[in-house]
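Trainee: After the structure tokens below, expect a handful of questions from me.
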Amino acid sequence: MSHPVQPSPTRSLAHSLTNDQHLDLYYYMQLNRQLEERMVRLFRQNKIVGGLYSSLGQEAVSVGTAYALEPRDWLAPMIRNIGALLVKGFKPRDIFTQHMGKYTSPTQGKDGTSHFGDLKQRHVVSPTSMLGDLIPVMAGVAMGGRYLGQKIVAMTWIGDGGSSTGAFHEGLNLAASQKAPLVVVVENNQWAYSTPVARQVPIRDLANRAQAYGIRGLTADGNDVLAVYSAAKEAVDECRSGRGPVLLEVKTMRMRGHAQHDPAEYVPPAMLDYWKARDPIALFENYLTENNIGETGRKAEIDARIEQELDSDQDFAEQSPLPPPELAEQGVYCEGCHTIEAEWRRPLAEVMPPASSVEAVWTVSDFGAFRPPAALPRPAISVASHLKPATHAAKHIAKPAAKPPEKTHGKPPVALAPEPDLASAPALRVPFGRGPKDRAFRQEQQNAKDARRKDKRGKRR
Amino acid sequence: MAEVTMLEAIRQALFEEMDRDPTVVMLGEDIGVYGGAFKATEGLFAKFGPERVIDTPVSETAIVGAACGMSYLGLRPIAEMQFIDFIACCFNQVTNFAAKSHYLWGAPVPMVIRGPSGAGVHGGPFHSANPEMYFLHTPGLKVVYPSTAYDAKGLLKSAVRDNNPVLFFEHKFLYRRIKEEIPDGDFTVPIGQAVVRRRGTDLTIVSYAAMAHTSLEAAEELAKEGIDAEVIDLRSLLPLDRETILASVKHTNRLLIVHEDTRTGGIAGEIAATVCESAFADLDAPVFRVTGLDTPVPYSPPLEQRFLPNAEKVAAAARELAKY
């Protein structure tokens, strides 16, 4: 089973959002941006003790996707998903203190940036710097939640760069084979540090990877928060109804360097100009104005609230103490400081046989035999087109198992001239269970050889 | 009381822990219907079903990653490596994700990673590893390596109930070669406690897993020659029971460390350093060690035998040590 990639129905679901929810989206995006702008200033004042990674221009991705989740759902952010953390209920002070290495930060100074989480209240898993790691972890969260009957959806993000890691593929494949309720958002921001996406992957749409896992792939305009929300909501709903996982690619642009130290001179200026004109917050502000949302001063109120919130939280962070050095030695192991508790939402009897099935059932049509990929869209340059026309021998080999190609209804598609029908390209096919060691196989080859020899002899005479 | 193999003791521990606690789930390759490559999980699928005994794709990173995720929800997953050698494939998930989780953001990972390890069965260089030292160097993990059926069962139960990621190494040479009467019903062996397997006065041999048996065998040989060796079985490598080692060295004054793992960077170095730091004045001789060679574990029997320590090699080193 495979699903072709579908562009998400732009904004179709977004109409179900109320005016307040529209303003919520605005609030979180603007809070995300203003918070990061302040951190750039703090960085220049040497108040950020480590690196600073900007999500300028990507606010719609973090906010639009996370907004599609319910409070019970789980997420794991990447470095540029501060907006998602804000939607999940973390406060600007958490972000400020994390970056400044303060004792009051969620990790008490043990880690920086967006590397923090909260298992009990907000259901956020902390990322590591090893890209792709979160995908198997969140697949496990999705599987565990289902096992406990919690009806939760897990969501995580990965960049275009991180989508090349082994963990990405292992995690997605496990999630797909388990039908786990997991939404993986591929945040295609065009650059993996300095390497453009075209030099990392030979495909245009990263969501196409979904086909390989037999799951749904969606693409959305990452700079249109309503389009992102609509696509994410669709993905979350699919997962919640048991049809997950879903791979959602959002196309956007990293408007600054990889981190503050990187001037990103490798980015063509025209590219920046193109995306600057498509700034997600400016686009959304236009939308709000056109639709008379947030007029009568409500939007201005939000702006003022953000300023106030950031003032007080920045002040809190700057006044906060650094951690006591002896903290470095504490907390390597959990020695009774946490209780491990599972929140059961289904009767315990259900997880054990006979209530839970012990049938080992695998539904593989045709017992896994080779099937001509007639139904798949044909690549523009097919492997078969490079092959020479089938030889006698090849025809012989193919004969026993060869079925006539499936007939298509209506007019046959106008194929490129040199491209033979993949379904009837016999040279590619080895009948199931047969190969060079098979006596009948060798005999057929011999027969074909003999026949050719006879042919030649006849001609000579 | 029933006589069981180490493999059966492990299977019993898994069975009983899953039966006791519905938050215990298992993930691994071929652990379900097939019952595992060594049949350590045989019968678990029929009893507990596919939601609790999960056959996964061949994806060690996904197995350990998913186990981390499940543990964040309050479950206690047990991940099986079909052979512990394959833990190299998920090194990152183990050392960067699971091990650092509690220290960095207070999220405990009550997970067990278990798998068959060790040489002596002609498994070749990719099915004979003793990769414990990669993980001893990783704060946040616990590492357990039992040598008896009783300890295997008791320590595995402790590992499942521990709130931290525990690597549970099962020496496959011992799986079916040792049999032992173990008590019926529930019992545990605490993680982090070594045990003195043989009392002696002349020298201390510190070892673990299959080499604990080799060391005992050597000690019996030495006894015939009038050398009375004390043999300590570490059982847990992290945390390391330094007290038991130091106490022994303080009354024998001589230390020999035996491990199957390769020599350079093996645990012998850490133990020797500990003793030099804390009991230098008690030593009558330099610290000796008998270890695997600094090579991969070779396949062919004479090569593998050359690689492995054995009772003769241990006894020979002990004789040298006793001469001081």
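The values are calculated or read from the model by the stated rules, or taken from the named source; none is laboratory data. Remember, predicted model here, so these are calculated numbers, not experimental data. Here Cβ is always computed from backbone atoms with ideal geometry, including for glycine, and neighbour counts include all displayed protein chains.
Trainee: What are the residues in the stretch A:198-218 that are within 13 Å of A:Lys251 (Cα to Cα) and surrounded by 24 or more Cβ atoms within 10 Å (Cβ to Cβ), if any?
Mentor: If the condition is that a residue be within 13 Å of A:Lys251 (Cα to Cα) and surrounded by 24 or more Cβ atoms within 10 Å (Cβ to Cβ), then A:Leu206, A:Ala207, A:Leu218 are the ones that fit.
Trainee: Give me a count of the residues in the stretch B:230-254 that are of a type in the set (Asp, Glu), part of a loop (DSSP other than H, G, I, E, B) and touching a helix residue (DSSP H, G or I) at 6+ places or on another chain (Cβ under 9 Å). Give the steps one after another, and end with the answer.
Mentor: First, the residues of the stretch B:230-254 that are of a type in the set (Asp, Glu): B:230, B:233, B:241, B:243.
This time we only want the ones that are part of a loop (DSSP other than H, G, I, E, B), so: B:241.
If we keep only those that are touching a helix residue (DSSP H, G or I) at 6+ places or on another chain (Cβ under 9 Å) too, we end up with none.
Residues meeting the conditions: 0.
Trainee: Moving on. Got a number for residues in the stretch A:116-141 being at the interface with another protein chain (Cβ under 7 Å from one of its Cβ atoms) and either surrounded by fewer than 20 Cβ atoms within 10 Å (Cβ to Cβ) or not in a helix (DSSP H, G or I) (or both)?
Mentor: Of the residues in that region, 8 qualify.
Trainee: Pull up the stretch A:142-163, narrow it to residues that are of a type in the set (Gly, Ala, Ser) and part of a loop (DSSP other than H, G, I, E, B), then point me to the one that is farthest from the other protein chains (Cβ to nearest Cβ).
Mentor: Residue satisfying both the conditions and the ranking: A:Gly161.
Trainee: Would it be correct to say that B:Arg11 is in contact with a Ser or Thr (Cβ under 9 Å, 6 or more places away or on another chain) and either surrounded by 20 or more Cβ atoms within 10 Å (Cβ to Cβ) or among the aromatic types (Phe, Trp, Tyr) (or both)? Break it down stepwise before answering.
Mentor: Values: in contact with a Ser or Thr (Cβ under 9 Å, 6 or more places away or on another chain): yes; either surrounded by 20 or more Cβ atoms within 10 Å (Cβ to Cβ) or among the aromatic types (Phe, Trp, Tyr) (or both): yes.
Yes: the conditions hold for B:Arg11.
Trainee: Another question, then. Say whether the condition of being among the small types (Gly, Ala, Ser) and closer than 30 Å to B:Asp55 by Cα is met by at least one residue in the stretch A:261-268.
Mentor: Looking for residues that are among the small types (Gly, Ala, Ser) and closer than 30 Å to B:Asp55 by Cα, one finds none in the stretch A:261-268, hence no.
Trainee: While we're looking at this one, here's another question. Report, by residue number, each residue of the stretch B:28-57 that is more than 20 Å from A:Val351 (Cα to Cα) and either over 24 Å from the mean Cα position of the chain (by Cα) or aromatic (Phe, Trp, Tyr) (or both).
Mentor: Scanning the stretch B:28-57 gives B:Tyr34, B:Phe38, B:Pro57.
Trainee: While we're on this one: Sort out which residues of the stretch A:255-299 are surrounded by 15 or more Cβ atoms within 10 Å (Cβ to Cβ), of a type in the set (D, E, K, R) and under 25 Å from the mean Cα position of the chain (by Cα), and write them in order of number.
Mentor: Of everything in the stretch A:255-299, those that are surrounded by 15 or more Cβ atoms within 10 Å (Cβ to Cβ), of a type in the set (D, E, K, R) and under 25 Å from the mean Cα position of the chain (by Cα) turn out to be A:Arg256, A:Arg278, A:Asp279.
Trainee: So, restricting to helices (runs of 4 or more DSSP H) that lie completely within the stretch B:73-171, which ones have at least 2 residues that are away from chain A (no Cβ under 14 Å)?
Mentor: On the way: elements: B:99-105, B:132-136, B:149-161.
Here the list reads B:132-136, B:149-161.
Trainee: Just one of (1) surrounded by 21 or more Cβ atoms within 10 Å (Cβ to Cβ); (2) in contact with a Pro (Cβ under 9 Å, 6 or more places away or on another chain) trips up A:Leu247, so point out which.
Mentor: Going through (1) surrounded by 21 or more Cβ atoms within 10 Å (Cβ to Cβ); (2) in contact with a Pro (Cβ under 9 Å, 6 or more places away or on another chain) one by one, A:Leu247 breaks only (2).
Trainee: If you scan the stretch A:198-221, which residues turn out to be touching a helix residue (DSSP H, G or I) at 6+ places or on another chain (Cβ under 8 Å) and assigned to a helix (DSSP H, G or I)?
Mentor: Those that are touching a helix residue (DSSP H, G or I) at 6+ places or on another chain (Cβ under 8 Å) and assigned to a helix (DSSP H, G or I): A:Gln200, A:Leu206, A:Arg209, A:Tyr213.
Trainee: Does at least one position in the stretch A:235-248 carry a residue that is modelled with pLDDT of 95 or more, in a strand (DSSP E or B) and not β-branched (Val, Ile, Thr)?
Mentor: yes
Trainee: Within the stretch B:1-51, restricting attention to residues that are in a loop (DSSP other than H, G, I, E, B) and aromatic (Phe, Trp, Tyr), which residue is farthest from the other protein chains (Cβ to nearest Cβ)? Spell out the reasoning first.
Mentor: Going through the stretch B:1-51, the residues in a loop (DSSP other than H, G, I, E, B) turn out to be B:1, B:21-23, B:29-43, B:49-51.
Now restrict to residues that are aromatic (Phe, Trp, Tyr): B:34, B:38.
Working: B:Tyr34: 10, B:Phe38: 20 Å.
Filtering first and then ranking leaves B:Phe38.
Trainee: Can you spot a residue in the stretch A:160-178 that is under 19 Å from A:Asp237 (Cβ atoms), in the same structural domain as A:Ala264 (by TED's automatic domain parsing) and touching a strand residue (DSSP E or B) at 6+ places or on another chain (Cβ under 7 Å)?
Mentor: Checked against the condition, which is being under 19 Å from A:Asp237 (Cβ atoms), in the same structural domain as A:Ala264 (by TED's automatic domain parsing) and touching a strand residue (DSSP E or B) at 6+ places or on another chain (Cβ under 7 Å), the stretch A:160-178 yields at least one hit.
Trainee: Give the residues of the stretch B:178-191 that are buried (at least 18 other Cβ atoms within 10 Å of the Cβ) and either assigned to a loop (DSSP other than H, G, I, E, B) or free of Cβ contacts under 8 Å to residues at least 12 places away in the same chain (or both), sorted by residue number.
Mentor: The answer is B:Ile178, B:Val189, B:Ile191.
Trainee: Could I ask something else about it? Give me the residue from the stretch A:297-330 that is assigned to a loop (DSSP other than H, G, I, E, B) and out of contact with any Gly (no Cβ under 7 Å at 6 or more places or on another chain) and, out of that set, farthest from the other protein chains (Cβ to nearest Cβ).
Mentor: A:Gly297
Trainee: Considering only residues that are more than 12 Å from chain B (Cβ to nearest Cβ), in contact with a helix residue (DSSP H, G or I) (Cβ under 8 Å, 6 or more places away or on another chain) and surrounded by 21 or more Cβ atoms within 10 Å (Cβ to Cβ), which ones fall in the stretch A:89-115?
Mentor: Answer for the stretch A:89-115, where residues must be more than 12 Å from chain B (Cβ to nearest Cβ), in contact with a helix residue (DSSP H, G or I) (Cβ under 8 Å, 6 or more places away or on another chain) and surrounded by 21 or more Cβ atoms within 10 Å (Cβ to Cβ): A:Pro92, A:Arg93, A:Ile95, A:Phe96, A:Thr97, A:His99, A:Met100, A:Lys102.
Trainee: Among the residues in the stretch B:105-117, are any more than 13 Å from the chain's Cα centre (by Cα) and surrounded by fewer than 20 Cβ atoms within 10 Å (Cβ to Cβ)? Give the steps one after another, and end with the answer.
Mentor: The initial filter retains those residues of the stretch B:105-117 that are more than 13 Å from the chain's Cα centre (by Cα), namely B:105-111.
Restricting the remaining residues to those that are surrounded by fewer than 20 Cβ atoms within 10 Å (Cβ to Cβ) gives none.
No, every residue in the stretch B:105-117 fails to be more than 13 Å from the chain's Cα centre (by Cα) and surrounded by fewer than 20 Cβ atoms within 10 Å (Cβ to Cβ).
Trainee: Further, regarding this structure: What's the number of the condition B:Ala46 fails, among (1) of a type in the set (A, V, I, L, M); (2) without any contact (Cβ under 8 Å) to a residue 12 or more places away in the chain; (3) buried (at least 24 other Cβ atoms within 10 Å of the Cβ)?
Mentor: (3)
Trainee: Let me confirm something: among B:Ile227, B:Ile257, which residue is surrounded by 18 or more Cβ atoms within 10 Å (Cβ to Cβ) and in a loop (DSSP other than H, G, I, E, B)?
Mentor: That would be B:Ile227, the only listed residue that is surrounded by 18 or more Cβ atoms within 10 Å (Cβ to Cβ) and in a loop (DSSP other than H, G, I, E, B).
Trainee: If you don't mind, another one. List the number of the failed condition for A:Gly331; all other conditions in (1) modelled with pLDDT of 50 or more; (2) on the phi < 0 side of the Ramachandran plot hold.
Mentor: Result: A:Gly331 fails condition (2) only.
Trainee: Between A:Arg256, A:Arg278, which is in contact with a Ser or Thr (Cβ under 7 Å, 6 or more places away or on another chain), at pLDDT 90 or above and outside any helix (DSSP H, G or I)?
Mentor: Checking each option against the conditions leaves just A:Arg256.
Trainee: Any chance you could count how many residues in the stretch B:52-66 are at the interface with another protein chain (Cβ under 7 Å from one of its Cβ atoms) and within 20 Å of A:Ser356 (Cβ to Cβ)?
Mentor: The total comes to 3.
Trainee: Does A:Gly294 satisfy the condition of being touching a helix residue (DSSP H, G or I) at 6+ places or on another chain (Cβ under 8 Å) and more than 14 Å from chain B (Cβ to nearest Cβ)?
Mentor: Numbers: touching a helix residue (DSSP H, G or I) at 6+ places or on another chain (Cβ under 8 Å): yes; more than 14 Å from chain B (Cβ to nearest Cβ): yes.
Answer is yes for this residue.
Trainee: Look at B:Tyr150 and say whether it is within 18 Å of B:Ile191 (Cβ to Cβ) and at pLDDT 95 or above.
Mentor: So B:Tyr150 fits the description; yes.
Trainee: Under 8 Å by Cβ, and 6 or more places apart or on different chains, what pairs join a residue from the stretch B:259-273 that is more than 11 Å from B:Leu293 (Cβ to Cβ) with one that is of a type in the set (Val, Ile, Thr) and part of a helix (DSSP H, G or I)?
Mentor: Pairs that qualify, where the first residue is more than 11 Å from B:Leu293 (Cβ to Cβ) and the partner is of a type in the set (Val, Ile, Thr) and part of a helix (DSSP H, G or I), are B:His259/B:Ile267; B:Ile271/B:Ile245.
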